[in-house]
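I have placed the structure first, in the form of structure tokens, so that the comments after it can refer back to it.
The values are calculated or read from the model by the stated rules, or taken from the named source; none is laboratory data. Since the model is a prediction, treat every value here as computed from it, not as a measurement. Note that each Cβ is placed from the backbone with ideal geometry, even for glycine, and that neighbours are counted across all protein chains shown.
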Amino acid sequence: MDRAEFWCRVLGWLQIAGGAVVALTIILVWKLLFSWMEQDNGALFGILIAMLVFLFAAPAFLSGLLTVIFARRVEQARNGGNDGSNWVLRAIMALAGLWAAGIIGIGAVTLPHLGFFAVMGLITAFLGLMGADWVAGLSGGTRP
């Protein structure tokens with residue numbers, strides 16, 4: 001494992017962990033604030049909490065997941081066994097990074113996310129745009 005692959009994995013796992021922490025925080029705060037109320041329409045509140053988790057936690061989680069997958073492509077590029085440009089992964093990764101940064105939204109809904117997640121999302125979008133070969137070249141190129 002070289003530095004480029006290592007930092008791709010670190011970036012991805014930080015985003016995955018951050019997305020999980022945000023989701024758990026939303027659920028725990030919801031339970032803490034509204035557990036004392038008797039709710040006649042539990043399904044509606046379940047949908048509302050799922051929407052909150054989707055809007056706040058899913059962008060960082062998806063961006064991190066794609067970055068971890070991209071780290072494998074960087075390893076393959078470093079070893080000289082890259083199977084093309086992986087343009088589908090790169091495009092989805094760039095869009096997920098921009099979504100995590102709060103630049104684009106889904107269904108015309110975009111939220112300004114925490115600054116740390118926004119910076120990590122922009123890094124993910126940049127890595128996706130540049131490609132695995134370029135990222136592998138950052139740490140000394142490919143091996144014969």
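Among the residues of segment 32-42, which ones are in a helix (DSSP H, G or I) and touching a helix residue (DSSP H, G or I) at 6+ places or on another chain (Cβ under 9 Å)?
If the condition is that a residue be in a helix (DSSP H, G or I) and touching a helix residue (DSSP H, G or I) at 6+ places or on another chain (Cβ under 9 Å), then Phe34 is the only one that fits.
Could you list, in sequence order, the residues of segment 56-71 that are within 18 Å of Ala118 (Cα to Cα), in contact with a Cys (Cβ under 8 Å, 6 or more places away or on another chain) and either crowded, with 20+ Cβ neighbours inside 10 Å or modelled with pLDDT under 90 (or both)?
Within segment 56-71, Thr67 is the sole residue that qualifies.
Taking segment 46-71 on its own, how many of its residues are of a type in the set (Gly, Ala, Ser) and without any contact (Cβ under 8 Å) to a residue 40 or more places away in the chain?
4
Filter segment 105-129 for residues that are surrounded by fewer than 16 Cβ atoms within 10 Å (Cβ to Cβ) and either within 15 Å of Arg72 (Cα to Cα) or of a type in the set (Val, Ile, Thr) (or both); which is modelled with the highest pLDDT?
Val119
Ala91 fails exactly one of the following numbered conditions: (1) within 30 Å of Arg3 (Cβ to Cβ); (2) surrounded by fewer than 22 Cβ atoms within 10 Å (Cβ to Cβ); (3) modelled with pLDDT under 90; (4) touching a helix residue (DSSP H, G or I) at 6+ places or on another chain (Cβ under 9 Å). What is the number of that condition?
(3)
Can you tell which of Val10, Val74 is surrounded by 13 or more Cβ atoms within 10 Å (Cβ to Cβ), in contact (Cβ under 8 Å) with a residue 12 or more places away in the chain and either touching a helix residue (DSSP H, G or I) at 6+ places or on another chain (Cβ under 7 Å) or of a type in the set (Val, Ile, Thr) (or both)?
Val74
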